[in-house]
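The values are calculated or read from the model by the stated rules, or taken from the named source; none is laboratory data. Please read all numbers here as calculations on a predicted model, not as lab measurements. Cβ atoms come from the backbone with ideal geometry, glycine included; neighbour counts cover every protein chain shown. Remember, those area values only see protein heavy atoms, side chains included, never the ligands or the DNA or RNA. Shrake-Rupley method; radii C 1.70, N 1.55, O 1.52, S 1.80 Å.
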Amino acid sequence: MIEIKHLTKTFQDKSGPITALRDVNLSIEKGDIFGIIGMSGAGKSTLLRCLSTLETPTEGSISLDGVDYSSLSGQQLIELRRRMGVVFQGYNLLMQRTVLQNVMFPLSLAGVPKEKARERAMQLLQMVGLENKAASYPAQLSGGQKQRVAIARALSTSPEVLLCDEPTSALDSLTTKSVLELLYDINTKLHVTIVIITHEIAVVKAICNKVAVIDAAEFVECGSTKEVFADPKSDITKLLLGREEKKHG
Amino acid sequence: MVELLIKGTGETLYMVALSTVFAYLLGVPAGVLLSVTSKGGIVENHSFNWAFGWVINILRSLPFIILMVFISPFTRLIVGKAIGPTAACVALIVAAAPFVARLVESSLAEIDAGVIDAAKCMGATNRQIILRVMLPEAIPSLVRGLSITTITLIGYSAMAGAIGGGGLGDIAIRYGHHRYDTRTMLITIVLLVIIVCVIQVTFDKLAYRVDKSNR
Ligand SMILES: Nc1ncnc2c1ncn2[C@@H]1O[C@H](COP(=O)(O)OP(=O)(O)OP(=O)(O)O)[C@@H](O)[C@H]1O
Ligand SMILES: [Mg+2]
């Protein structure tokens, strides 16, 4: 469904060029919960920003169902964006709008009539367990609740893919668990493909069927979660796994 | 005397209100332009931003009195005369619009870039990002800027009064300064202080009430 080919992303910094991604190849299939794990600064967010069209690749291509991102512009690009939902680490909710208005927002941008948008938004809020917070403002919610609103908002236009950048790294372990369960339900019940970026191996173990390990701008390992974690090939994967064992050890 | 003061207060309020409205009609689009063309903005454009920024800086650095004299031919062209409260408004608008542009720019700069990223990901057009994300999210800060603008304009309007603009400033100069009528001068000062305080308190309350991000 998503095909990344020879993706390279270089930023021009004052101190010179920084390569955040180098020759990344990846294929994400429909129905996957695809984990992308790596240390801080490895290039995870950059990859997600490329997938969500916020950054354009320096080299290489990304395509969704065979449609190359770089061939799209204007209205087509907007339509592509509506096929994907994005969940950010920092929630990025509109602070001056209520929870309900936040979830309705993508629909109203798309010109969906107000009544219909409200109905759909209420459905989604019910799904994430926040229908009683519809009239609250984001500032009145806890981190976990905010992330649920963000997830509901990302789902409002019925996207085929949900892209999540460290959706749980600002949350405690119990809240993390419930948000991950929600994402799992979304994948199984709504058949939404999920890409989830994280630095915690536990997140991958909990819900991802596939995983790619990224280190210093390059993909070092990729495959089904079971296989990769049962027989880690790279040092970085071993390191990430080792750390996890120590934590629970 | 009382009639004179009422008339002066009315003229001051008229000048401030009229010039605030027009300063915002010009200043908000200008501030939005500065913001969206700045580095990391949704239509980043370095040379435009630089050139436009300079125009605004030049307008802002002209002392108000000089500006008022300088543009009086232009004022005459627009309102038919160069003295009186309405004529003073022209200079007040020219002085305040670039000021408002910078205030609006800084209000918009406070918005979290992530929120704009999120809107882009939802398929928002640039127009929608400006009108439905940036400006609404900046409202509390814009209201605080509005109070700064009105209060600054009260000060300017008093100056405008001194050179034929009317209003309380005019009275303070004519009676207080030229005729040594200290009582009248003090009364006009007290009136100006009251107006400033009322505006400040009102806008502070308003800014707090409209801000949904702090409770
Ligand atoms: N806009 C940018 N300009 C310059 N350099 C950038 C930019 N965005 C990212 N980088 C650089 O690219 C590299 C990868 O950054 P990225 O944010 O993708 O890392 P990450 O894996 O998400 O890390 P973290 O876990 O800390 O979020 C870093 O060295 C970063 O400094
Ligand atoms: Mg990151």
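Among what's in region B:91-115 and is free of Cβ contacts under 8 Å to residues at least 40 places away in the same chain and acidic (D, E), pick the residue that is most open to solvent (accessible area, probe 1.4 Å).
Looking only at region B:91-115, we keep the residues that are free of Cβ contacts under 8 Å to residues at least 40 places away in the same chain, and these are B:94, B:106, B:110-112, B:114-115.
Narrowing the set further to residues that are acidic (D, E) leaves B:110, B:112.
On the way: B:E110: 125, B:D112: 85 Å².
Residue satisfying both the conditions and the ranking: B:E110.
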Of everything in region B:112-138, what is within 9 Å of chain A (Cβ to nearest Cβ), among the hydrophobic types (A, V, I, L, M, F, W, C) and closer than 13 Å to B:V32 by Cα? Give them in sequence order. B:V133, B:A138
Residue hits (region B:156-193; assigned to a loop (DSSP other than H, G, I, E, B) and in contact with a helix residue (DSSP H, G or I) (Cβ under 6 Å, 6 or more places away or on another chain)) are B:G166, B:D181
Any residue that is crowded, with 21+ Cβ neighbours inside 10 Å and out of contact with any Asp or Glu (no Cβ under 7 Å at 6 or more places or on another chain) - is there at least one of those in region B:65-73? yes
Would you call A:L107 assigned by TED's automatic domain parsing to the domain that holds A:D215 and open to solvent by less than 40 Å² (accessible area, probe 1.4 Å)? no
In this structure, is A:T46 within 16 Å of ligand 2 (Cβ to nearest atom), within 14 Å of chain B (Cβ to nearest Cβ) and in contact with a Lys or Arg (Cβ under 7 Å, 6 or more places away or on another chain)? yes
Scan region B:176-190 residue by residue and report those that are open to solvent by less than 60 Å² (accessible area, probe 1.4 Å) and either at pLDDT below 85 or among the basic types (K, R) (or both). B:G176
Return only the number of the condition from (1) without any contact (Cβ under 8 Å) to a residue 24 or more places away in the chain; (2) crowded, with 23+ Cβ neighbours inside 10 Å; (3) within 26 Å of the chain's Cα centre (by Cα) that B:A118 does not satisfy. (3)
Yes or no: B:L146 within 20 Å of B:K212 (Cβ to Cβ), within 14 Å of chain A (Cβ to nearest Cβ) and in a helix (DSSP H, G or I)? no
Which numbered condition B:I65 fails, given (1) modelled with pLDDT of 90 or more; (2) in a helix (DSSP H, G or I): (1)
Within region A:64-87, identify whether any single residue is modelled with pLDDT under 95, open to solvent by 70 Å² or more (accessible area, probe 1.4 Å), within 16 Å of ligand 1 (Cβ to nearest atom) and not basic (K, R), and answer yes or no. no
For A:F105, the lone unmet condition from (1) under 27 Å from B:V210 (Cβ atoms); (2) under 21 Å from the mean Cα position of the chain (by Cα); (3) modelled with pLDDT under 95 is (3)
Just to be sure, is A:R22 surrounded by 13 or more Cβ atoms within 10 Å (Cβ to Cβ) and under 14 Å from the mean Cα position of the chain (by Cα)? no
Does A:F105 satisfy the condition of being on the phi < 0 side of the Ramachandran plot, within 16 Å of ligand 2 (Cβ to nearest atom) and facing chain B (nearest Cβ under 9 Å)? no
Listed by range, helices (runs of 4 or more DSSP H) wholly within region A:134-249 having at least 1 residues that are within 16 Å of ligand 2 (Cβ to nearest atom), away from every other protein chain (no Cβ under 14 Å) and crowded, with 21+ Cβ neighbours inside 10 Å are A:201-207, A:235-248
